[in-house]
Each structure stands twice: as C-alpha cells, then as structure tokens.
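Below: the structure, in structure tokens.
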Amino acid sequence: MNTAAPSDRLLALLRAKAPVLVLTGAGVSQESGVATFRDAGGLWEGVDPMTVATPQAFAADPVRVWRFYDARRAKAASVSPNAAHRAIAALETPGRRFLLATQNVDGLHERAGSRTLVRLHGSLWRVRCTACRIERDDFRPTLAPLPPLCACGGLLRPAVVWFHETLPMDAFGAAERAARDAALCLVVGTSSLVYPAASLPEVALGGGAHVVEINPEPTPLTASASEHLRGKAGTILPDLLARAGIGIGAPA
C-alpha cells in the first residue's frame, strides 16, 4: 500500500510500544552526505568493487584497499547524524522490545544514540588482524601509514563484510529472531536487493508484522510491504514520531 501519510495502524503500534525491528541501508546516511554504492556519483563510480572489497583484492594490494577504506573513514568522521538517525534512536525507549539491524558501516547510528543494534555488514571503526584474528575498535579518522599493522606484526584489515564473505551469523541471527517477534518492522533507506539482509522484512511479514517501507523510490519490497511511505527518511521519520507523540533528541 503506497500512502502519503502513515496509517492509523502504524501510529497505534508506535504508541503502544509494540516490538519493533528497524532495518536500515545506505539511503539513511546519504542524507548526511555519505555516498551510496549504487547512485550516480556513488562510492563505486569509477571503481571496480572487486578491486577494493574482496579478500582476494586485499591479498593482492592491501595498500589500494586501505586507501579506499581510509577515505571512507575520513568522510564518515566529517559528517553528522541526521534527523532520521535521531528518530530511530528515539524509538529505543524503556518498555519497548527494539532492535536496529543496519547494513551501514559508518557508525552514524551509534553517534545518534542507538545502542540496541547489530551491524550486519560490520563497521568502518573496527579492524581485524589477518594473522592473529584479534578484532578491536579504532576510531581514528585515518590510519596512515598504510597498511596498518597489528601488535603481532600481521596486516590489519577493515572489519567489514566484503563480497564473497558471509554475514556475521550472531548479528544476522539476532536480526532474524527480532523479525520473527516484531509487531512492526520499519525498512528505511535500503534497496532491498542485498541478501540475506533483504530477507528480514519477508520473515517479519511471515510472522504477521506490519512492515513499513520508507524510501524515495519503489524497491522489490514495495509491492508486498504493508505500506510504503515515499520520501526521505529524514523528513518522514521525525513527522511519524511527532504524530505518535514520541520526542526526538536535539542534534549532538
């Protein structure tokens, strides 16, 4: 159902503090100035993803891969969470079962105040040693000189999910359980093309959840979603929460 305004059922679920799963994609951070992968001018324009986002590419040229990810870190550090990030954080209130499952790796949800979340595709702000396998946070905007090294002497890699790699099963398992238990599933700023993340709304629909897609354009999910609110998440989500009587914190 393509609607211009939120349905009464959606507002009632929000007011009743029904269990919520929120799934987000690159469109949420695009409103903060973080380029997406698929749009013109996006991250992959002029770059073959197979040369910067596969284990094979890293083995062949770790410096090139790290230059790409170091630039992404610097960009993410230079921007701020937007109204959509803050609205999603505001849904995480006492008395509501809530999970945010994000495909984004930029850390903007955390900076907006989200705490109960799983990162389906990892984080730009974590590194993993290719030798000893230790993984840790590193919040420096850049990691020069490149490639960075572990204390053990091994090469560090970005702790993100590359092409040909599987999602972290603990994170995806938690998201799948939340999808089965959700009364409301908000799908925000994602193309609904990348599996297995794109299966989560389908799981929620199968469990009887009210699935709401918020996106400027139709996606493969649109036809089966309970309702589709067309537009930018930074506009729609604050209005939705205001209608439901949920306050949003000021920008940090």
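Points to keep in mind about this one:
- Exclusive hit being surrounded by fewer than 22 Cβ atoms within 10 Å (Cβ to Cβ), among the β-branched types (Val, Ile, Thr) and closer than 25 Å to GLY249 by Cα, set VAL160, VAL203, VAL118: VAL118
- Listed conditions (1) surrounded by fewer than 20 Cβ atoms within 10 Å (Cβ to Cβ); (2) assigned by TED's automatic domain parsing to the domain that holds HIS85 are all met by ALA225, apart from (1).
- From the options GLY27, GLY33, residue that is assigned to a loop (DSSP other than H, G, I, E, B), modelled with pLDDT under 95 and within 16 Å of the chain's Cα centre (by Cα): GLY33
- Filtered residues of the range 167-185 (kept if part of a loop (DSSP other than H, G, I, E, B) and more than 16 Å from the chain's Cα centre (by Cα)): ALA182, ALA183
- Residue within the range 191-200 that is among the β-branched types (Val, Ile, Thr) and in a loop (DSSP other than H, G, I, E, B) present: yes
- Once the range 69-115 is narrowed to residues that are touching a residue at least 60 places away in the same chain (Cβ under 8 Å) and among the charged types (D, E, K, R), the residue that is surrounded by the fewest Cβ atoms within 10 Å (Cβ to Cβ) is ARG97.
- Selection count, the range 198-218, where residues are under 20 Å from GLU176 (Cβ atoms), in contact (Cβ under 8 Å) with a residue 24 or more places away in the chain and touching a strand residue (DSSP E or B) at 6+ places or on another chain (Cβ under 7 Å): 8
- One residue from THR116, THR142 being over 18 Å from VAL52 (Cα atoms) and polar (S, T, N, Q): THR116
- Residues of the range 61-100 satisfying the condition of being in a loop (DSSP other than H, G, I, E, B), more than 30 Å from ASP181 (Cα to Cα) and either touching a strand residue (DSSP E or B) at 6+ places or on another chain (Cβ under 8 Å) or not acidic (Asp, Glu) (or both): VAL79, SER80
- Any hit, the range 135-148, residues being in a loop (DSSP other than H, G, I, E, B), aliphatic (A, V, I, L, M), at pLDDT below 95 and under 18 Å from the mean Cα position of the chain (by Cα): no
The values are calculated or read from the model by the stated rules, or taken from the named source; none is laboratory data. Bear in mind that the values here come from a model prediction, so they are computed numbers and not experimental data. Cβ: placed from backbone, ideal geometry, glycine included. Neighbour counts: every protein chain shown.
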